[in-house]
Amino acid sequence: MEFDSKNDGREIAPEVSVDQYVRKKQVELSEYVSGYKTIYLDTNFWLTLRDVVTGELKDAESIQYYDLVTSLAKKGTCIFPISGNTFAEILKSDIDTLDHVVYLIDTLSQGVSIMSYDERVRMELMYFIYDKLGKDTYLPNEIVWTKLVYSLGYLDPVNDNIDPSLDAHIRKSFFDHMWQTPLCSIVAKLKDSGKLKQKSFLDNSAKLNEGKFAHAHENKSFKQMFLSELAGMLDVYKPVIQDAMLYIYEKETGVSPSIKDIESSNNCLLTVNMIYNLFRLNKITTELPSYRITSGLYAAVRWDTNQKFHKNDIVDIGHASAALPYCDYYFSERKFAHLITQKQMSYNKVYDCQVCRNIKSAITVLSELHD
C-alpha cells in the first residue's frame, strides 16, 4: 500500500484506485477511533483479563481490573487496540484458553489494530519527507489505524493476468471482506487448517548481551549510545528509505528513474545523514517515533550496566513503539515502564501517553476514566 498526498477524489467509485479506497477506509477508522480514549495493553494485561474469565485468577484486584476494562468498553469510553506483536504473542499462549483471549480482543478492541511495525516505519518516514517538502499530506495518526486481520501487514491479491478494472474490483471486494473479519475467524481457520502452531519467539538476548558488553566502552554518554543505535536502525532500513525516495521522485516527476540513475543517486545517503543529524542536534520532536523509541529503548538497556536483554525485550520494545505515539494510555511491563519514564527519555511526556506499570496503577487510571 502506497503513501500518498491528500486528494479530494476519494469517493468510492470504479475510477478510484485501490490505494485511495484503502486510504479512505483508514481515515474513516481513525476518525472513529478519535472518539475514544485509546488504551494499549501489553500482552500480560490481556492474559490477566483472560485468566479472570477462565477463573484462574480470583483475587479482588484482578477482578476489579477486569470489571473496569469491560465497563469502560461497554460505556463507549475506551477502546483497546492491539498491534501485530499482541497478535503474535497471544498465538503462542495457552492453546486451551486461546479462544477466550481472542474473544476479549475482538470485543474490547472493536476490531481495531495499529498497522505493522515495518509499515509504521515507512509511513512515518514518508510523512516526515512530505512535510519537509511542504506537501499537504496525511498526519500519521490519520492513517495508522487498521483492522485486526491486517495487524501483521497489509495483503493485496494483485492479478496482472486479468483486466485491470476487474482486478481492482476484486481487490476492493477482498479488502472489504478482510476489513470486517474478526480475529476469532482467523484463529478458527488457522486451527481448522492445522496451521496454528505454538512457536516461541527467536531468543536473541544472549547475542544482544554479548554485543552490549563487548562494545560498552565505545559510548561515553547516553546520547552517544542512542545515536549509535539510531545509526544501526537507519542502516537496516536503508532499503525502505531508498524505496521512499524513489516513490516520491516518481510521484513528483511522473518518470521512473533508470537503474543507472538509482545507482548514482545519493539521495538515500543524504536522507539518512539528515535524519541522523537532526536527532543529533535535538531538532526532532515527535516526528519519526518508531526510529526514536526503538533506538532509545535499545540504548537504555545497553546503557544501564545492571540491565540485561531478556527473551521478550524485542517484543516489548515493539509494543512501546506502537503504543506511545498513537495511544492515550499504555499499560506496560514494569521494566519498560521504568525505562520509558526515566528522565533522560521521558517518552510518556514526549508523546503525551500515560504509562502504567502494573495492575494496581492501571486500576487507578481506569477508575478515573470511569468516574
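Comparing 67, 160, 94 in a Gaussian network model of the chain, where Cα atoms under 10 Å apart are tied by springs, the biggest mean-square fluctuation is seen for 160. Normalised by residue number, the volume inside the convex hull of the Cα atoms of the chain is 169 Å³ per residue. Given R₀ = 35 Å, what would the calculated FRET efficiency be for residue 184 paired with residue 218, taking r from the Cβ atoms and rounding to 0.05? Computed FRET efficiency for residue 184 and residue 218: 0.10. Length gain on complete extension for the stretch residue 131 to residue 255, per 0.36 nm per residue less the alpha carbon to alpha carbon distance? Extra length available between residue 131 and residue 255 comes to 42.5 nm. Its residue count N fixes a reference of 2.2 N^0.38 Å for the range 18-193, and the Cα radius of gyration divided by that reference is 1.16. For residue 147, the residues whose amide H sits under 5 Å from its own are 113, ignoring neighbours fewer than 5 places away on the same chain, with H placed 1.01 Å from N. Distant-in-sequence amide contacts of residue 355, defined by a placed amide H-H separation under 5 Å and a gap of 5 or more residues or a different chain, comprise 330.
Taking the Cα centre of the range 18-193 as the origin and placing charges on Cβ (Lys, Arg +1; Asp, Glu -1), which of 174, 70, 18 is farthest toward the positive end of the dipole? Sorting the options by dipole projection puts first 18.
What's the extension gain from residue 341 to residue 75 if we count 0.36 nm per residue and subtract their Cα-Cα distance?
Gain in length upon complete extension: 92.8 nm.
Pairs spanning more than 31 Å between alpha-carbon atoms, out of 223/308; 191/238; 24/75; 37/191; 58/92; 147/308: 191/238; 37/191; 147/308. Residue-wise HN-Hα couplings along the range 181-192, as the Karplus relation 6.51 cos²θ - 1.76 cosθ + 1.60 with θ = phi - 60° gives them from phi, are 7, x, 4, 4, 5, 5, 5, 4, 5, 5, 5, 4 Hz; Gly and Pro carry x.
Return the FRET efficiency for the residue pair residue 107, residue 159: r is the Cβ-Cβ distance, R0 is 30 Å, and the value is rounded to the nearest 0.05. Rounded to the nearest 0.05, the efficiency is 0.25. Here is how the number arises for the chain: DSSP H runs of 4 or more residues each give -39500 (n - 2.57), the sum is divided by the residue count, and the result at 222 nm is -19000 deg cm²/dmol. Among 368, 287, 89, the order by Cβ neighbours within 10 angstrom, fewest to most, reads 368, 287, 89.
Taking θ as phi - 60° and the Karplus parameters 6.51, -1.76 and 1.60, the scalar couplings of the range 171-178 work out to 5, 5, 5, 4, 4, 4, 5, 5 Hz in sequence order, x denoting glycine and proline.
Each of 105, 359, 95, 317 was scored by other Cβ atoms within 10 Å of its Cβ. Listed from fewest to most, they are 95, 359, 317, 105. Using the Cα coordinates of the range 242-371, the gyration tensor eigenvalues translate into equivalent-ellipsoid semi-axes of 37, 18, 13 Å, sorted from longest to shortest.
Per-residue Cβ neighbour counts within 10 Å put 63, 114, 241 in the sequence 63, 241, 114, beginning with the fewest.
Values in this text are rule-based calculations from the coordinates and carry no lab data. In this text, all values refer to a predicted model and were calculated from it rather than measured experimentally. All Cβ positions, even for glycine, are placed from backbone atoms using ideal geometry, and neighbour counts span all protein chains on display.
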